[in-house]
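Q: Dumping the structure here so I can ask a few things about it.
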Amino acid sequence: MSLWATATAAVDRHRPARPPGPLREQATANAPAASTASDVAAQLIRYIPTELVAAYATVIGILPISDSAAVCRSDYTSRWSAFAVFVILTPVTLQVLYVVKRRQAGSVGPAIPWFDHVAALVAFLAWTLVLPLSPADSWCDWSPQYGVAIAAVVLLLLGLGAQLASSKR
């Protein structure tokens, strides 16, 4: 999901519940409750900063790599620099979008949605490990399967953490 949607959800969590109106559906006693598994799956998708992952993938896709036989012996300076820039851009972009949504909602919610910032940053870091020729490939002992495993575990933990954070509110 996009950072815009994350910012919107962060503001919406703090809005007071609207009373049911004549055009709004009311929950019935017979309506099935949403399962925790579907909630966790939705959270897995929610915290992936798609705008930044797409931009980052585009940038590292056009960066040059050396012709050395071992990928880990290549010069990854430009890839590490791009990584650092996007790590900084992730919370900055989310905060700008959150401030816009918060102003539209009449300053509802906290000034900084800390959980959303941390979750977006951690999700971005996890997804960068999955991409081919990520900066982690500069480590000779690194294997792409490690990135996939780390990303899967991190995203699962983010989904569960989001469930815990939302239950405290």
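The values are calculated or read from the model by the stated rules, or taken from the named source; none is laboratory data. Everything numeric in this text was worked out from a predicted model, so none of it was measured. As a convention, Cβ positions derive from the backbone with ideal geometry for all residues, glycine included, and neighbour counts pool all protein chains shown.
Q: Report yes if some residue within the range 99-113 is in a helix (DSSP H, G or I) and either acidic (Asp, Glu) or within 11 Å of Tyr47 (Cα to Cα) (or both); otherwise report no.
A: No, that holds for no residue.
Q: Which one of the conditions (1) of a type outside the set (Gly, Ala, Ser); (2) crowded, with 19+ Cβ neighbours inside 10 Å; (3) part of a helix (DSSP H, G or I) does Ile48 fail to meet, given that it meets all the rest?
A: With respect to (1) of a type outside the set (Gly, Ala, Ser); (2) crowded, with 19+ Cβ neighbours inside 10 Å; (3) part of a helix (DSSP H, G or I), Ile48 is out only on (3).
Q: Okay, moving on. Say whether the condition of being within 17 Å of the chain's Cα centre (by Cα), within 19 Å of Val59 (Cβ to Cβ), buried (at least 19 other Cβ atoms within 10 Å of the Cβ) and modelled with pLDDT under 90 is met by at least one residue in the range 138-148.
A: Scanning the range 138-148, I find at least one residue that is within 17 Å of the chain's Cα centre (by Cα), within 19 Å of Val59 (Cβ to Cβ), buried (at least 19 other Cβ atoms within 10 Å of the Cβ) and modelled with pLDDT under 90, so the answer is yes.
Q: I want to confirm something. Restricting to the range 54-85 and keeping residues that are closer than 16 Å to Val122 by Cα and in contact with a Ser or Thr (Cβ under 8 Å, 6 or more places away or on another chain), which single residue is modelled with the lowest pLDDT?
A: Tyr56
Q: Restricting to the range 104-130, count the residues that are in contact (Cβ under 8 Å) with a residue 60 or more places away in the chain, hydrophobic (A, V, I, L, M, F, W, C) and surrounded by fewer than 19 Cβ atoms within 10 Å (Cβ to Cβ).
A: Residues that pass the stated criteria total 3.
Q: I'm checking my understanding of the structure. Among residues of the range 149-169 that are within 14 Å of the chain's Cα centre (by Cα) and within 19 Å of Ala57 (Cα to Cα), which one is surrounded by the most Cβ atoms within 10 Å (Cβ to Cβ)?
A: Only one residue fits best here, namely Leu155.
Q: Among (1) part of a loop (DSSP other than H, G, I, E, B); (2) surrounded by 14 or more Cβ atoms within 10 Å (Cβ to Cβ), which single condition is Ser66 missing?
A: Condition (2) is where Ser66 drops out.
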